[in-house]
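Student: Here you go, one structure.
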Amino acid sequence: MLFALAFCTCTVFGYAKAPMDVSDGPNSDIPSTPSQPIPYALSSTYLTFLAHQEQYIYKETKKYAEQLEERLRLAKRYLRDYEDSVLKGTDTLPKDADPWQKAVHTASHPIMAYRMVRRFAQDFYELGTHVNMDLETGTV
């Protein structure tokens, strides 16, 4: 996506490579001038075209930012729920308890077990929907 935006920006601003100076001097492999703007780049017609393109870029960027905010909200909600139930619920176990002891304690506590199942059923489903959407569009 970033490559497409960079390509779009370069073509939108009308930059093209200048021809190389092929002289017989010692610096014959160095271009004589950097990229030059195309002459019509500042015409009112082209500026109108740029304004139209910027409207599209704004709309797509805003949609992308909203999707990121939604994903961040989902991730924070999952982390907060896990910390509130599992981490606080297993505080009574010894500090050197292995992960299986913590899992047995979580599964045997009715409220922690319910919250764990709800996280798997709802939170992971919503996060998975976003990931699948990215995989289908190829943005991952």
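Student: Can you give the Rg and Dmax of region 69-140 based on its C-alpha atoms, in angstrom?
Tutor: Rg then Dmax for region 69-140, in Å: 15.0, 46.
Student: Can you give me the relative contact order of region 69-140 as a percent, contacts being Cα pairs under 8 Å and 6 or more apart?
Tutor: Across region 69-140, relative contact order equals 40 percent.
Student: Starting from the 7 Å offset along Cα-to-Cβ, what nm value, one decimal, do you get for the label separation of Ser44 and Phe124?
Tutor: Those two pseudo-labels are separated by 6.2 nm.
Student: Under a straight-distance cross-link criterion of Cα-Cα below 25 Å, which lysines are reachable from Lys102, leaving out those fewer than 8 residues away in the same chain?
Tutor: Lys76, Lys88
Student: Pop a pseudo-label 7 angstrom from the Cα along the beta-carbon direction at both Asp91 and Ala103 and give the gap in nm to one decimal.
Tutor: About 2.5 nm separates the two model spin labels.
No value in this document is a laboratory result; all are computed from the given coordinates. It should be emphasised that the depicted structure is a prediction, and the values quoted were computed from it without experimental measurement. All Cβ positions, glycine included, derive from the backbone under ideal geometry; neighbour counts span all protein chains shown.
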